[in-house]
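The values are calculated or read from the model by the stated rules, or taken from the named source; none is laboratory data. Worth saying up front: this structure is predicted, and the values here are computed from it rather than measured. Every residue, glycine among them, receives a Cβ derived from its backbone with ideal geometry; neighbour counts consider all protein chains shown. Surface accessibility is based on the protein's heavy atoms, side chains included, excluding ligands, DNA and RNA. Shrake-Rupley method; radii C 1.70, N 1.55, O 1.52, S 1.80 Å.
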Amino acid sequence: MADTTINRHAVAERPARPVIALVVPCYNEEDALPVTAPVFVDVVRRLAESGLASPESFILFVNDGSADNTWYLIQRLHRSYPVIKGISLAHNRGQQNALFAGLMTVREHCDAAITVDADLQDSPEAILDMVRAYNEGADIVYGVRASRKTDSWFKRNSARAFYRLQKNLGLDTIYDHSEFRLMDRKALDCLSEYGETNLYLRGLMRHIGLRYEIVKYDRQERTAGSTKYSFGKLLSTSIDGITSFSARPMRLIFIIGLILLLLDIVVGVWVLVSHFQGRAISGWSSLMLSVWFLGSLVLIALGIIGEYIGKIFSEVKRRPRYAVADTVW
Ligand code: UDP
Ligand code: MG
């Protein structure tokens, strides 16, 4: 456990045995849940037996509008294991909204919540470490991947490029941390105050601040089933992340415009000189290149501005982020 902002002299009051809620978003996880649910149950049992957490700790599965038998399975699991609870969203709202729905549901019932993927790629051992860090005073504990050896070459490198881009655009995020994290009651209360429709929890957590600690873990291969993130979904989450927290892309457009204006002056001089020297007939190639180049730049610029306007559009409507269709508690 490195990198900490905890002030050891000002550690918050902690309950002797905190109630921990594991919040697990599930979208079409009928293959993974039968394998992973017993492991989650076991983690909660170990938390209680080791004295790290209260025996009232529990698991909340959030069915994110799955098209398969996920909700049916969650209801069945609830009957076999009382520590398992569930809510079902009316539609597929994406992992961020599913997590938010889960966190807001458990907020009143726990001292700290841990968000973890249904496929158990995040290590159960690290859950214990997170609770230890919470007991020592951290308000937020970030799970950070020790390595990316289980990722494909493409995923590894695109993730790296994305973190770098985020950093250059002024976003405050924790490198190699995704949605595996512990939040205590204080962090959850702060999170509930954020009214935005376009959620990017990783960014919001850093915005909230509070005392944090980092727990390193090795990410495993997916237990069963396949990834619920298509390339399109991944790209759209990344764009959302950036445009929710940074207006720098629009500033960049302006700067590119200024640079092009300077270039334009140079080109203008060249065009005029050629004109007066009487050698201005050829030039099809340069014309074609600049028309296509400038055309794409204008479209990109419009697209970036459109992203922000789209965000404003969805924010001003202030629609609820999710609707809970069913609950088993
Ligand atoms: N997930 C979700 N809604 C979605 C997509 C994914 O709740 O629309 C959940 C999914 O069930 C899993 C977690 O988000 O628990 C992470 O998804 P996945 O494991 O497919 O992503 P990867 O690990 O491949 O990045
Ligand atoms: Mg996964």
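Do the conditions hold for Ala67, that is, is it in contact with a strand residue (DSSP E or B) (Cβ under 6 Å, 6 or more places away or on another chain) and at pLDDT 95 or above? Steps first, answer last, please.
Working: in contact with a strand residue (DSSP E or B) (Cβ under 6 Å, 6 or more places away or on another chain): no; at pLDDT 95 or above: yes.
No, not satisfied.
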From (1) within 20 Å of Asp189 (Cα to Cα); (2) open to solvent by less than 40 Å² (accessible area, probe 1.4 Å), pick out the condition that doesn't hold for Glu108.
-> (2)
May I ask you to list pairs of residues, at least six apart or on different chains, whose Cβ atoms are under 9 Å apart, with the first in the range 49-66 being under 29 Å from His91 (Cβ atoms) and the second being in a strand (DSSP E or B) and acidic (Asp, Glu)?
-> Asn63/Asp326
Would you check if Ala90 is within 16 Å of ligand 2 (Cβ to nearest atom), at pLDDT 90 or above and either in contact with a Phe, Trp or Tyr (Cβ under 7 Å, 6 or more places away or on another chain) or open to solvent by 20 Å² or more (accessible area, probe 1.4 Å) (or both)?
-> no
Give the number of residues within the range 191-224 that are of a type in the set (Gly, Ala, Ser) and crowded, with 18+ Cβ neighbours inside 10 Å.
-> 1
Find the residue count for the range 273-299, including only residues that are assigned to a helix (DSSP H, G or I) and open to solvent by 100 Å² or more (accessible area, probe 1.4 Å).
-> 8
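Does Ala161 qualify as being away from ligand 1 (no atom under 14 Å from the Cβ) and either in contact with an Asp or Glu (Cβ under 8 Å, 6 or more places away or on another chain) or in contact (Cβ under 8 Å) with a residue 12 or more places away in the chain (or both)?
no
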Of those in the range 212-256 that are over 17 Å from the mean Cα position of the chain (by Cα) and part of a strand (DSSP E or B), the residue nearest to ligand 2 (Cβ to nearest atom) is Tyr217
Residue selected from the range 300-320 under the condition touching a residue at least 24 places away in the same chain (Cβ under 8 Å) and outside any helix (DSSP H, G or I), by the criterion least open to solvent (accessible area, probe 1.4 Å) | Arg319
